[in-house]
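Structure, as C-alpha cells:
Readers should treat all values here as calculations from the given coordinates under stated rules, not as data from a laboratory. Owing to the predicted nature of the structure, the values given are computational and were not obtained by experimental measurement. Every residue, glycine as well, gets a Cβ built from its backbone with ideal geometry; the counts of neighbours run over all protein chains shown.
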Amino acid sequence: MSKDFLSVADWSADDLWSMADRAASLRRAHREGKRPRTLEGRTLAMYFEKPSLRTHVTFEAGIAHLGGHGILLKPEQIGIGTRETPADVARALSRWVDCLVARTFSHELVEQLARDASIPVINGLTDLLHPCQAMADLVTIAEVMKPTDATIAYVGDGNNVVNSLILLTAVLGLRLNVATPETHRPSIRVLERARSLAEASGAEIDLGADPIDAVKGVDFVYTDTWTSMGQEDETVIRREIFRAYQVNEDLLAHTANARVMHCLPAHRGEEVTAAVLDGPRSIVFDQAENRLHAQNAILERLLMR
Ligand code: CP
Ligand code: NVA
C-alpha cells in the first residue's frame with residue numbers, strides 16, 4: 001500500500017474495492033445529512049496549477065465534511081520551482097499540514113512532491129493521469145451495475161482520463177474498449193503497465209480506432225474533451241482530428257441502452273452532443289457527485305492509519 005494516491009495502479013484491487021464501498025456508504029450518510037467527523041482537525045493543502053471546479057470544491061467541501069480544513073495554494077503564491085524548490089515546498093508543508101492534493105501539468109512534479117513529502121500526496125490530475133476521477137467513475141458504475149459485469153467504451157482523446165480508466169480496468173479485472181485516432185492513443189507507459197496488471201487480473205482492454213466497434217453492446221460510453229488543459233493552442237486542429245469521435249445519438253444507436261459518462265467540463269457540440277449529455281442516458285452529474293465521496297474515502301484511507 002502506498003503512502004500516496006498518485007495512480008490507481010499503486011493500489012491493490014482489494015484496496016480500490018474497499019475505498020469504493022466506503023465512498024458508497026459515505027454517500028448514503030451524506031444524503032441523510034450525516035457528516036462523520038473522521039478527520040477532525042486535520043488539514044489538507046490543495047495546490048492547483050490548472051483551473052478546477054470539481055476537484056477543488058469536492059476536496060475543500062469534503063475535508064470540511066469530515067471535520068478538517070482545506071487550504072488553497074496557487075502557483076503565483078508559492079512559486080514551486082521559481083521561489084523555491086519542489087523539495088523545500090514538500091518538506092515545509094509536511095511540517096504543517098496532514099495531506100497535499102496537487103494538480104500539475106507535469107506528472108513527474110507530483111511524483112517528486114510525494115517523494116520529498118512525509119505526508120500523503122494525492123494526484124488531483126496531471127497531464128498523464130486523473131486517478132481521483134477514475135475512483136469516482138468506479139463508484140458511479142457500481143451504482144448502476146456490478147462493475148465486473150460491465151463493458152465500458154471510451155471514445156475520443158487518449159488523455160489523462162482514459163489513462164487512469166485503463167489502469168483501473170487493469171487492476172480490477174474489468175472490460176474496456178478504447179477508440180482513439182492512431183495519432184492520439186493512450187500513453188505507452190500506461191499501456192505497458194496495464195498489460196502486466198491485466199495478466200494477473202484478467203482485465204480485457206481492447207484498443208482500436210473505430211468508435212462504432214468500440215461501443216457495440218457496451219453498458220457505458222465515456223468521453224472527455226478533445227482539448228485538455230494546456231493544449232489550448234491545438235483546439236482548432238483537434239476539432240478536425242476527433243470529428244468522427246463525437247458521442248451522439250447515431251453512435252449510441254449501436255448500444256442497447258448504454259449510460260453516458262463524461263468527467264466534465266463538457267463541450268456540447270464537440271466530443272458530445274447536448275441531446276446526449278443532457279439526455280436520459282447521461283450519468284455525468286452522478287459522476288460529479290461521486291467525486292466528493294470517492295475522495296473522502298481516499299482521504300480517510302490515507303490519513304486514518
Ligand atoms: N473532472 C474534473 O476534474 O473537473 P475539474 O477540472 O473541474 O476539477
Ligand atoms: N482531460 C481533461 C480532464 C479535465 C478534468 C484535461 O486534462 O483538461
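Charge dipole of the range 146-305 (Cα centre as origin; +1 on each Lys and Arg Cβ, -1 on each Asp and Glu Cβ, all else neutral): 500 debye, rounded to the nearest 20. A Cβ-based charge dipole, computed about the Cα centre of the chain with Lys and Arg at +1 and Asp and Glu at -1, lands at about 1040 debye.
Treating only the Cβ atoms of Lys and Arg (+1) and Asp and Glu (-1) as charged, compute the dipole magnitude of the range 114-158 about its Cα centre; round to the nearest 20 debye. Once rounded to the nearest 20, the dipole reads 140 debye. Mean residue ellipticity, 222 nm, helices only, the chain: the sum of -39500 (n - 2.57) across DSSP H runs of n ≥ 4, divided by residue count and rounded to 500, is -13500 deg cm²/dmol. When the charge dipole of the chain is built from unit charges on Cβ atoms (+1 for Lys and Arg, -1 for Asp and Glu) and taken about the Cα centre, the candidate among 129, 231, 253 whose Cα reaches farthest toward its positive end is 129. Extension gain, residue 210 to residue 248: 0.36 nm times the residue separation minus the Cα-Cα distance gives 12.2 nm.
Here the Debye sum runs over all C-alpha atoms of the range 184-258 as equal scatterers in vacuum, and log10 of I(q)/I(0) at q = 0.22 Å⁻¹ comes out as -1.12. If you take the Cα centroid of the range 170-237 and the Cα centroid of the range 24-66, the two points sit 29 Å apart. Volume of the convex hull of the chain (Cα atoms only), normalised per residue: 123 Å³.
Compute the signed sum of charges (Lys and Arg +1, Asp and Glu -1) over the other residues within less than 14 Å, Cβ to Cβ, of residue 88. Result for the neighbourhood of residue 88: +2. Computed across the range 18-146, the Kirkwood radius stands at 15.6 Å (inverse of mean 1/r, all Cα pairs).
Scaling against 2.2 N^0.38 Å puts the C-alpha radius of gyration of the range 101-150 at 1.43.
Here's the picture: charge each Lys and Arg Cβ at +1 and each Asp and Glu Cβ at -1 in the chain, and of 101, 218, 203 the one pushed furthest to the positive end of that dipole is 101. Using C-alpha pairs under 8 Å with a sequence gap of at least 6, the mean separation divided by the residue count of the range 49-170 gives a relative contact order of 19 percent. Ordering 116-124, 51-59, 273-281 by mean Cβ neighbour count within 10 Å, with the highest value first, yields 116-124, 51-59, 273-281.
Partners of residue 216 within straight-line reach, counting aspartates and glutamates whose Cα lies under 14 Å from its Cα and excluding those fewer than 8 residues away in the same chain: 206, 249, 250. Long hydrophobic helices in the chain, taken as whole DSSP H segments with a C-alpha length of 24 Å or more on their own axis and mean Kyte-Doolittle hydropathy at least 1.6, are absent. Positive-end ranking of 242, 177, 165 along the dipole of the range 164-269, with charges on Cβ about the Cα centre, is headed by 165.
Note on residue 95 and residue 31: with the Förster distance fixed at 45 Å, the Cβ-Cβ geometry gives a FRET efficiency of about 0.75. Working from label points 7 Å from Cα in the Cα-to-Cβ sense, the residue 236 to residue 13 distance is 4.9 nm.
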